[in-house]
Structure formats: C-alpha cells, structure tokens
Amino acid sequence: ILLISLVTVLIIGGLLILLASHYIVKPVKRLTGAAKEMAKGNLDFRIKHSKKDEIGELMDSFNHMACELQKIDKIRENFVSNVSHEIQSPITAIRGFTRAISDGIIPTENQKEYLEIIYQETLRLSKLSDHLLRLASLDSDNHPFYPARYRLDEQLRRMILVTEPLWTEKHLHIELDLQDCQVYVDQDLFEQVWQNLINNAIKYSDENGWIEVLLEDNTEAVRVHINNTGQAIPETDLPHIFERFYMVDKARSQSGGGNGLGLSIAKKIIELHKCKIDVTSNEEEGTCFTVTIPG
Ligand SMILES: Nc1ncnc2c1ncn2[C@@H]1O[C@H](COP(=O)(O)OP(=O)(O)OP(=O)(O)O)[C@@H](O)[C@H]1O
Ligand SMILES: [Mg+2]
C-alpha cells in the first residue's frame, strides 16, 4: 500500500511539474526572451499569444510597454533630427553669406543687407540653444519652482509695455481688460508663458490688426485670454501646435526668428502648475489662447 501511494504521489507530482512547466515556465521563458530582444534594441518585438489568464495579461502589458517605448524612441529620433536641422539651416546661411562677402561676390552696397541676415541667424541660433536648455531643465523635473502670490494683472501690463516697440512697429491696436487679480504660481516661469503668447500674437497678426488681453477672475479659476487677428490656424494644425518644433507656416515662423518651441515651453510650464491652455482659431474671431489657473 505504501508503495502504491508513493508511486501515485510521484505520478501526480510529475504531472503537476509537467503542467507547471507548460503553463508557467514556458511563457515566462518567452517573456524573458522578449525582454532580451528589447534590451538589444529591437523595439518591434511583440509576443504573440491567445492566453486569457494572468500570464496573458502580463504578455499584453509587455506588448503595451514595448509600444510606448517605441513611441518615445520615435519622439527622441525626431527631436534629434529637428535640432540638427534647426542648427544646420542658420549655419548654412551664415557660412554662405560670409564666404560670398569675403570673396567679393556681393557688391559693397548690398553687404549691409546680408550682414543683417547673418546677425538675425546668430540670434536665431542663440534663441534655439536658450529654448533647448529651458526645455531640458523643465523636463528634468528638478527645475527651480517657487510659487508665490502676486498680482497677475500687473505682470500682464508689464509684458505689454515691454513689447511696445514690436506692436507699434506693426501698428497693432492693443486692448487690455485686466481686473485686479492675485495668483499663486511661479512668477518667472509664468513670465515666459505670457512672453511666448504675446510675442506670437504680435508676430502672427497682420499690420493694423488688434490684440486683446482679457483677464477674468471667477471663484473657481482665473482665466487669461490672448486674442489676435490675422491668418487663422488651420483646423488640422490646431492639435499639433503645442508639439516641439511644430510650425504651421515654416517660412513665416523662421523669418520671425522662430523654431516652433515657444508654445511647447508655455504648455510645459502650464502643466507643471496643473493649469490648462486651450486654443481656438477661425477667420472671424482670430486666434485665441486661454490659460486657466484653478483657484
Ligand atoms: N497667435 C497666433 N496666431 C496664429 N498662429 C499662431 C499663433 N501662435 C502660434 N501660432 C502657430 O503655431 C506655431 C507654433 O508656435 P510656437 O510659438 O511654438 O513657435 P514659433 O512662434 O514658430 O517659434 P518660437 O516660439 O520658437 O519663436 C507657429 O509656427 C504658428 O504657426
Ligand atoms: Mg512663438
């Protein structure tokens, strides 16, 4: 009897080991293999399966993780190629014009015009490096962040004053409707937000257009609307304008010294503060950016 029970136990044990190896060890081995493939840089790798149990769920999660990693890798790749393009194009212009001037190809009376282009291109390069450093610092999550209570209406008024030479040059009409209002955010960071939004409003307005800055303080939130006339942003571009390096009209942005980073920096700062930025744009009402700061 003892022998029979021993054999039965051994058979049952063996069967259990076989089952365990089929249902647990094999899939775990496949997962390990997949993880090794990904470690080698093969982000296309996916585990095919039809399991509905916990192991199947784990495999689905693994595939999802691989998908997300692939997306991040694509973003990184695009970022590097955008940066190198944005560096290369001003350098090409600077190199070409300096060589042409030094070779005497450009007549003396036209040289000033080309020197001005060279100067503008160096400014663009310097702004690009400034923006990239700012983005890297904001991305690192240890950017200095000092929220404080201050008067938002005063900050907006100051920003409009600072940009006066730009809007008077384009003969823009500025309309301010700013009620007294206090907010609790990082003042320096928000200064960059208004700077980017107001500079855009000026840059993308047509001559003699108008810009309206409206500040409303409701009990649940403070809202700033920055509205400008001029060519509207096409509906298909609207969802992308906050992406890094996205420019609706590349020629127009770049002639104004832009790289398509201003709005992505503004959005990053706004999200750091758990605030919100929205945009609407149409031919009748122009383009309006709304920043919502919860109370
Ligand atoms: N107020 C606006 N009116 C019309 N179009 C706008 C406005 N603000 C932004 N855009 C569009 O959104 C794009 C992205 O804006 P963003 O500020 O990120 O970049 P940029 O102004 O081109 O360059 P940068 O801000 O780096 O100098 C712009 O190229 C422009 O086409
Ligand atoms: Mg801009």
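Computed from the coordinates by the stated procedures, all read-outs in this text should not be read as laboratory data. Bear in mind the structure is a predicted one, so any value in this text is a computation, not a measurement. Every residue, glycine as well, gets a Cβ built from its backbone with ideal geometry; the counts of neighbours run over all protein chains shown.
When the inverse distances between all different Cα atoms of the chain are averaged and flipped, the Kirkwood radius reads 23.9 angstrom. Here region 167-210 is treated with +1 on each Lys and Arg Cβ and -1 on each Asp and Glu Cβ, and its dipole about the Cα centre works out to around 140 debye. Computed from backbone phi, the HN-Hα couplings of region 136-152 come to 4, 5, 5, 5, 6, 6, 10, 5, x, 9, 10, x, 8, 8, 8, 7, 5 Hz, rounded to whole numbers (Karplus: 6.51 cos²θ - 1.76 cosθ + 1.60, θ = phi - 60°; Gly and Pro given as x). Electrostatic tally near residue 73: other residues with Cβ closer than 14 Å to its Cβ, Lys and Arg +1, Asp and Glu -1, net +1. Per residue, the average separation of C-alpha pairs within less than 8 Å and at least 6 apart gives region 147-294 a relative contact order of 24 percent. Under the convention that each Lys and Arg Cβ holds +1 and each Asp and Glu Cβ holds -1, the size of the dipole of region 151-295 around its Cα centre is about 600 debye.
Between residue 39 and residue 81, 0.36 nm times their residue separation minus their Cα-Cα distance comes to what?
Working: separation 42, 0.36 × 42 = 15.12 nm, distance 2.36 nm.
Gain on stretching residue 39 to residue 81: 12.8 nm.
Just need the relative contact order of region 35-129 here, percent rounded to a whole number, with Cα pairs under 8 Å and 6+ apart. Computed over region 35-129, the figure is 22 percent. Only helices enter the 222 nm calculation for the chain: every DSSP H run of n ≥ 4 contributes -39,500 (n - 2.57), and dividing by all residues gives -19000 deg cm²/dmol, rounded to 500.
Can you sort 210, 194 so the residue with the fewest Cβ neighbours within 10 Å comes first? Don't skip to the end; give the middle numbers.
Numbers: 210 16, 194 22.
Going from least to most buried by this count: 210, 194.
Taking other C-beta atoms within 10 Å as the exposure proxy, 28, 279, 9 rank 9, 28, 279 from fewest upward.
When region 1-143 is described by a simple charge dipole with +1 on each Lys and Arg Cβ and -1 on each Asp and Glu Cβ, the residue from 137, 5, 33 located farthest towards its positive end is 5. Looking only at 54, 243, 121, which one moves most when the chain is put into a Gaussian network model with springs between Cα atoms under 10 Å? Result: 54 has the largest fluctuation of those listed. Under a Gaussian network description of the chain, with springs only between Cα atoms under 10 Å, the residue in 74, 276, 250 that fluctuates furthest is 74. A straight Cα-to-Cα reach below 26 Å connects residue 26 with the lysines 36, 40, 48, 51, 52, residues fewer than 8 places away in its own chain not being considered. Its relative contact order, with pairs defined as Cα atoms under 8 Å and 6+ residues apart, puts the chain at 13 percent.
Mind scanning 112/170; 127/203; 71/250; 127/170; 170/203 and naming the pairs with a C-alpha gap bigger than 18 Å? Working shown, then result.
Numbers: 112/170 23 Å; 127/203 16 Å; 71/250 25 Å; 127/170 22 Å; 170/203 9 Å.
Among 112/170; 127/203; 71/250; 127/170; 170/203, the Cα-Cα distance tops 18 Å for 112/170; 71/250; 127/170.
Rounded to the nearest 20 debye, the dipole magnitude of the chain is 2000 debye, with +1 charges on Lys and Arg beta carbons, -1 on Asp and Glu beta carbons, and the Cα centre as origin.
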